[in-house]
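Scroll down for the structure; my scribbles are underneath it.
Readers should treat all values here as calculations from the given coordinates under stated rules, not as data from a laboratory. No experiment lies behind these values; they were computed from the predicted model shown. All Cβ positions, glycine included, derive from the backbone under ideal geometry; neighbour counts span all protein chains shown.
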Amino acid sequence: MNTLWKVSADSFVNEKESIMRMGNVYQIANGYMGYRGTLDEFGPDELVGITIAGIFDRVGDSWREPVNAPNGGYTKLTVDNNDVSALTTSVKSHTQNLQLENALFNRETTYEVAGKTIVVNSSRFLSADTPNLGVIKYSLTTDKAAKVMINTGIDCNIWDLNGKHLVNLRLENRDNVLLVHAETNELGKRVAVAEMIDIDFGKCKHEIADNKNLHTIELETEAGTTYTFYKYFAVFTENDTVASVNDAAIKNVTEAKLAGYEKCLNDHNAQWTKKWQYCDVEIDGDDEAQQALRYSIFQLLIVAPVNGSANSIPARALSGQVYKGAIFWDTEMFMFPFFLYTYPEKAVELMRYRIKTLDGARRKAKTEGVGFEGAFYAWESQDDGDDACTYFNIGDPNTGRDLRTHFRDKQVHISGDVAIAMWEYFKLTEDDTLLLEGGAEVILECARFYFSYAYYNTNKNRYEILDVIGPDEYHERVNNNAFTNMVAKATFEIANKTVNYLKHKHPDAFKTLIQKINISGELHRFVEAEKLIYIPEPNNEGVIEQFDAYFKLKDTSIKELKATMIHPNEYLGAGQGLAVPTKVIKQADVVMMLNMFKTRYSKEIKKVNWQYYEPRTEHGSSLSACAYAMVATEFGDLDFAYEYFLKTAKIDIEAKYKVYVGTIFMGGSHPAANGGAWMTAVFGFGGVSADENQVTINPRLYTKWNKLQFNLVYKGDRFTVKITRGAVEILPLTMNKNSHTFIVSGQSVVCAPGNVVFIK
């Protein structure tokens, strides 16, 4: 297979952190569940996890987190009464790979056991066609005759970060279908895992041992003969619309076994072919960038929510329970654009999640601080929209004490991030269904929240947003953070546009909505706030102050600051963090604003602010580098943009990220950075932007690249864009319904269905 479509390892390192990182790199998922890239024989100590999207549980006072299902992919060998495992057995060779074209995980391990050589091969996938289904092909070969026992089935020993989430486990055998069913600890939600095998050798019996529901197969192998069997497992929860999770799981694996491995794989592959047709980006002339970007896109595709689920994508995707499986602003600002421009069927699910959790945002607004109006979306949102973020959110590794942070109560920009994404979906798709199904309600409630949060300064005749945290989380409880204020202004603008649109296009729906939420008397306030909200202006040097009095802070270099750290995992923010009295910031803040609101500032202002803030940015978040990269492309520093593009795109494929912040384990994948890599390639080097009238392309092809080719969706129609040195080619699909205007390097062209447009 082409190495640009594969990630590979040619050795096994029996070390805990290496196993953890490899589990992230080689994970597979299908939007319904994720399966960490661990070996078949591994258990909870090796962080095996089948993480289910959208179902959460809490044990005692611990953090609420997503539920891991019992492992239906478990298989362990015994050869001549010797347990065989990469952890305990002599490994002669080991390779594993992840095929990006179809999310297929493969491993081959050669063992030395009592003078005999045993080769184990396995492949697995989580079906993109049948989301509840996982399928495994497992083979073994011995170089000499051997007595082999295979234990395969469902391992109920589950890796959990914060408590035992499944209780009342029942292990059953129903006509050779293994079944495990249980309830979640907190809410009693039902979870079921069923498993069947397709095997034509050995003597098979059912066994329950060590909290495992197993098929035990005994056989005498012949030298050089390969023995292959197939496993089918299914996961169902109470969130699925089925009468019985047990019956649904059994039916699922029974049908899969009847269809057979090849049929299941072919159906799975067909779905992946479509995904890549929509979403691939080709870079010619730079294999390193191509592989890293394709892996980033793969990471987004495997966690795209299942259609109709109204689920979103957690900050650590489905790589485990880290970050509480919560949805952050990361989704709207860094992942959503990828889906909006390539796969809008998934973008709409992300927005439906915010509609589904609107009541949680309302509850938070009412109960946070002195109580506010409207929708204050959770900083860490789970299934119901209530905030999973705690007030003491980070541990100090020096003292062991929990630190008071204000992520939960002062990160108010999250509501505007949601409203902006909701409107972007409408702008670029012209599909107003989402607005009518609750999106307009979300937008108006977010504007209502900002008006209730804002402070009207009578002396200056302006609205201010006080006591907040911006994207730079090292400085808390600041006033008039430029990013936050601009997001609030944009929210008022969007609310006013929403009102005008509904009044003219759907007057009955508009009347029903304003009566439902009793907001008619407040709409004039949004018009006023849009005009009067304070947005910090550039100073005489062109620099925008990040927040009030930021310029008065100590101008310490990052190197000098870090030299004073006592512990390498020390958190630099919170009340007494080392960065608090300094200008050192965690991640792009003003630069994030300049990137997000591209048309409101000149290239000169962007360059001046980039040059001011970049040396003061620690890039302590995986979200930061891509913002600096995209702004750098706008004023022409393509070398820096490329460096930070690679930093973003390679974060998960290389797995060199930090795994602790303070005392909190943060290991896992980084889908926001994955989205940032795509944005840097397409928005940055491709120079793509779009509004309700047209698509604009201002190419900035990097010097190493001979070609940058990508796909776009605009107002329901699909296009392939190919940028080469000095030329842009746009291919509208023949099935497109309408012609659209593209502005390419200042030249206006009309792209009609099926007609290739070539611009030099």
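For the chain, the alpha-carbon radius of gyration amounts to 0.98 times the rule-of-thumb value 2.2 N^0.38 Å expected for a compact globular protein. The magnitude of the dipole of the stretch 3-277, with charges of +1 and -1 set on the Cβ of Lys/Arg and Asp/Glu and taken from the Cα centre, is near 360 debye. The residue among S748, T95, M20 whose Cα reaches farthest toward the positive pole of the charge dipole of the chain, with charges on the beta-carbon of Lys, Arg, Asp and Glu, is S748. As a proxy for reagent exposure, ranking F719, F526, F339, F201 by other Cβ atoms within 10 Å from fewest up yields F201, F719, F526, F339. Say the dipole of the chain comes from +1 at the beta carbon of Lys and Arg and -1 at that of Asp and Glu; which of A727, N481, Y138 then lies farthest toward its positive end? After comparing all options, I get A727.
Could you tell me the ratio Rg/Rh of the stretch 301-399? Both radii from Cα atoms, Rh via Kirkwood.
Here the Rg-to-Rh quotient is 1.02.
Computed from the C-beta positions of S452 and F392 and an R0 of 30 Å, the FRET efficiency is 0.70 to the nearest 0.05. Only lysines eight or more places from K203 in sequence, or on another chain, were considered; those with a Cα closer than 30 Å are K76, K92, K116, K137, K144, K147, K212, K231, K251, K257, K263.
Report note on the peptides 457-470, 416-429: ranked by the mean count of other C-beta atoms within 10 Å, highest first, their order is 416-429, 457-470.
The length gained by stretching the chain between E218 and K559 to full extension, at 0.36 nm per residue less their Cα-Cα distance, is 116.6 nm. Multiplying the residue separation of K531 and T228 by 0.36 nm and subtracting their alpha-carbon distance yields 102.1 nm.
Residues C204, C626 in ascending order of nearby Cβ atoms (within 10 Å, fewest first): C204, C626. If R0 equals 25 Å, the separation of the Cβ atoms of D384 and N168 corresponds to a calculated FRET efficiency of about 0.60.
The simple spin-label model puts a point 7 Å past each Cα toward its Cβ; for A752 and A259 those points are separated by 4.3 nm. Highest-first packing order for the peptide set 551-558, 293-300 is 293-300, 551-558, based on the mean count of other beta carbon atoms within 10 Å.
The local environment of N266, defined by Cβ-Cβ distances under 14 Å, has a net charge of -1 under the rule Lys, Arg +1 and Asp, Glu -1.
D for the stretch 146-304, whole µm²/s, Stokes-Einstein with Kirkwood Rh over alpha-carbon pairs at 10 °C and 1.306 mPa s: what number?
Approximately 85 µm²/s, per Stokes-Einstein.
Find out how many positive minus negative residues lie around Y714, taking Lys and Arg as positive, Asp and Glu as negative, among other residues whose Cβ is under 13 Å from that of Y714.
Spelling it out: positives minus negatives among the neighbours equals -2.
Label-to-label distance, S244 versus N698, with points set 7 angstrom from Cα along the beta-carbon direction: 6.3 nm.
Spatially, the stretch 478-514 and the stretch 718-760 are offset by 33 Å when compared through their Cα centroids. One chain, two ends: I517 and V13. Fully extended at 0.36 nm per residue, the span grows by 175.6 nm beyond their Cα-Cα distance. The dipole here belongs to the chain: it is taken about the Cα centre, uses +1 on the Cβ of Lys and Arg and -1 on the Cβ of Asp and Glu, and is about 1180 debye. If you take the alpha carbon atoms of the stretch 489-632 and fit the smallest convex hull around them, that volume is 173 Å³ per residue. Can you give the net charge of the other residues whose Cβ lies under 12 Å from the Cβ of Q321, counting K and R as +1 and D and E as -1? Residues near Q321 contribute +2 overall.
Annotation: Cα Rg of the stretch 228-312 relative to the compact-globule expectation 2.2 N^0.38 Å equals 1.44. Computed from Cα positions, the angle between helix 358-367 and the longest principal axis of the chain comes to roughly 60 degrees. Between E108 and K503, the modelled label-to-label distance comes to 6.9 nm, taking each label 7 Å out from Cα in the direction of the beta carbon.
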